[in-house]
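Note sheet for the following structure.
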Amino acid sequence: MANFTDLTGLAGVASATAAAMLLLPGMAKLARLHRALLLCAVFVLMLIPFGAMPFAAYVRGMTGDLSITTLVLLFCAMLLPWCGAVQSRHRLALLGLIALASIAFYPMALGVGAYDPYQLGYGNLPFVAVLLLLALAAWFRGYALITLCIALATLAWAVGWYESDNLWDYLIDPFAAIYALAAIMIFGVKTLLKWPRGRPR
Amino acid sequence: MMIPSGRQKITRYLLLLLVAIAFGAALYKAAHHPGAALFQMPENSAEEPQSGSAKPEFHTDFASTQQNISTHAASLVELGDGRIRAFWFAGSREGAPDVVIRTAVFDPVKNTWSPERSIVNRVDTERALLRYVKKIGNPVAQRAPDGKLWLYYVTVSLGGWGGSSITAVTSTDDGTTWSSPRRLITSPFINISTLIKGTPFLYSDGTMGLPEYHEFIGKFGELLRIDNSGRIIAKQRLSDGKSTLQPVVLITSPQRALVLMRRSGNSPDRVISTVTDDAGRHWSKTMPTTLDNPDAAISGVVLPDGRMLVVLNNIEAGRNALSLVVSADGGVTWKTVYQLEDQRGRPTDPLHFGQIAAELAKATDAGITDAGAYGKSAQRNKCVAQHCDFEFSYPYLIQTHNGDFDLVYTWNRSFIKHVRFNRAWLDQRMEKSKNGELH
């Protein structure tokens, strides 16, 4: 009998795989209903055991459980035809925050220096308080996507949604970090290219 | 400026409600997080132990019996009835998919080992964890205050040993039956690179301390604090950089401990140390000790009088010598009290190597009737072309409640050798080495 946290982990991986289908050529041409059916089919296929384990379990062995932030980003992409695009400033603000957090967090967590920020994720009260302030600041400034990601990740950690006891694992993962860093870099390059040339001195 | 519609306003306030619920739950959880705790002193350190016998006793044998197989990384735990359970991994080669965790029980009254058996394998582990597992390794066990036996072992899904994670199984009947495996999440980078080797210990509130180490990009020691339900409640870094592995925690008081670490990489060929004076809240900058270390594991215990007893390859290269050393000054100076193994300078051609290994096996356990097979197993695992290397490595030393000592280590990657001695024997050895050279 599978544990609850295994089911949530597998469901996350299956969702991510379904979302990845959207990248395939021709997907944009499909009718909404066909697209929805395809996404559902991929999701279910990933969870059906073939041999010893479902496909999602093999992927999960490599990727671990996906952070809530990654899932929110993926669901935004999957639900695009039905809910419309997230405002680009919201998306950019979230990706910028993830990129900044990644640059500061991963090197230290992987051994650069004596301080390990990952330890804060095991129930550190000031860390939770700082996240609350960040979520409220984003809410006041109207960055709903940031608020949503932080709140959902924190709630998932509080109720033990995944195997991990560490809040960082709900907030961020290497895939969100790589995606955010790439997106911010592309945005930066595009902005520079659009920058008016020959400005008056 | 756009004026939000009624629907947008509702969405916005629903989001605020979500924030309130999420952080209400999270702050409650964080506020009820276990606080800091002191180290728990081993029970045998409360007073001078009542040894089973005042007569010096020193006994050697093999815990494992399987031949022509690669065997490594043994650990020990004392059971509720005073017997000793050993764990190690064995398979066609280290890291092979057929590697399993095996166990056997030593009866100190009869001086005999039970038949060994397999308790954990790769396929059952991946099915239970619902994630692909490529290989398994290093098992380390601990008996919690509630009597539950915890066995932690390394699992790899991605890459080599640097991609390891920790998996745990538990037993409520001292190892006869085991629970389904559970994964510990200890690293933010797809949970890779947490490995174990050192002996676990207890905190004063009954939570468990598990020394572990990281070896992806950096190589450094860490400590996990785990509650009785298997939940990780804290993680600490003991060192940083690229030069330390496999921490061993030697607790000398509820606040004070010395950690010894295997050196790795380009650091000096010395055991590396760090100390705490506040039960692990802060650790000193790492320092090389006077003990040699050829990038090999170490193990140790603290005697009731505060002296430290450590087993290690006290040489700069190779693993062909294993020493028992003691420190009476908190790890500043060390003295060899007994040379457990020493095959430095012995012939390394397969023929002589096999003969010597067979003689060593016979010397370890006089009851062995097929010493030649032990020699052949050693040849299988330690000879490449026409060159063989003796290996006595990965020691794991414990002191039992009655004050006796049990040590296991890898014998030529082929068997797990067991050494048992009592306090009277140790005192005798210490007396003999009183005027010995300091390290």
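The table for this structure:
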| item | result |
| --- | --- |
| From A:95, A:22, residue being in the same structural domain as residue A:165 (by TED's automatic domain parsing) and in contact (Cβ under 8 Å) with a residue 40 or more places away in the chain | A:95 |
| Matching residues, segment B:366-404, being closer than 25 Å to residue B:318 by Cβ and part of a strand (DSSP E or B) | B:383, B:384, B:387, B:388, B:391, B:392, B:393, B:394, B:395, B:396, B:397 |
| Members of segment B:209-227 that are under 25 Å from residue B:410 (Cβ atoms) and either part of a loop (DSSP other than H, G, I, E, B) or more than 12 Å from chain A (Cβ to nearest Cβ) (or both) | B:209, B:210, B:211, B:212, B:215, B:216 |
| Any hit, segment A:128-140, residues being buried (at least 17 other Cβ atoms within 10 Å of the Cβ), modelled with pLDDT under 95 and either closer than 21 Å to residue A:176 by Cβ or at the interface with chain B (Cβ under 8 Å from one of its Cβ atoms) (or both) | no |
| Residue selected from segment A:108-124 under the condition more than 21 Å from the chain's Cα centre (by Cα) and among the hydrophobic types (A, V, I, L, M, F, W, C), by the criterion farthest from the other protein chains (Cβ to nearest Cβ) | A:112 |
| Search result, residues across segment B:176-215 that are surrounded by fewer than 20 Cβ atoms within 10 Å (Cβ to Cβ) and without any contact (Cβ under 8 Å) to a residue 60 or more places away in the chain | B:176, B:177, B:178, B:179, B:180, B:182, B:189 |
| Conditions (1) at pLDDT 95 or above; (2) within 12 Å of the chain's Cα centre (by Cα): number failed by residue A:145 | (1) |
| Residue that is modelled with the lowest pLDDT [pool: residues in segment A:71-93 that are in a helix (DSSP H, G or I) and within 14 Å of chain B (Cβ to nearest Cβ)] | A:83 |
| Residue A:167, sole failed condition from (1) under 27 Å from residue A:16 (Cα atoms); (2) at pLDDT below 95 | (2) |
| Test: residue A:153 is under 16 Å from the mean Cα position of the chain (by Cα), within 10 Å of chain B (Cβ to nearest Cβ) and among the aliphatic types (A, V, I, L, M) | yes |
| Check on residue B:49, more than 14 Å from chain A (Cβ to nearest Cβ), at pLDDT below 95 and in contact with a strand residue (DSSP E or B) (Cβ under 9 Å, 6 or more places away or on another chain) | yes |
| Top-ranked residue in segment A:156-172 [being in contact (Cβ under 8 Å) with a residue 60 or more places away in the chain and more than 7 Å from chain B (Cβ to nearest Cβ); ranked as surrounded by the fewest Cβ atoms within 10 Å (Cβ to Cβ)] | A:160 |
| Residues of segment B:304-326 satisfying the condition of being assigned to a loop (DSSP other than H, G, I, E, B) and crowded, with 24+ Cβ neighbours inside 10 Å | B:313 |
| Residue check for residue A:65: touching a Gly at 6+ places or on another chain (Cβ under 6 Å), among the acidic types (Asp, Glu) and within 11 Å of chain B (Cβ to nearest Cβ) | yes |
| Residue match in segment A:190-199 (condition: within 30 Å of residue A:6 (Cβ to Cβ) and either modelled with pLDDT under 95 or more than 8 Å from every other protein chain (Cβ to nearest Cβ) (or both)) | no |
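The values are calculated or read from the model by the stated rules, or taken from the named source; none is laboratory data. Keep in mind it's a predicted model, so treat the numbers as computed, not measured. With ideal geometry, Cβ positions are generated from the backbone for all residues, glycine too; neighbour counts draw on all protein chains shown.
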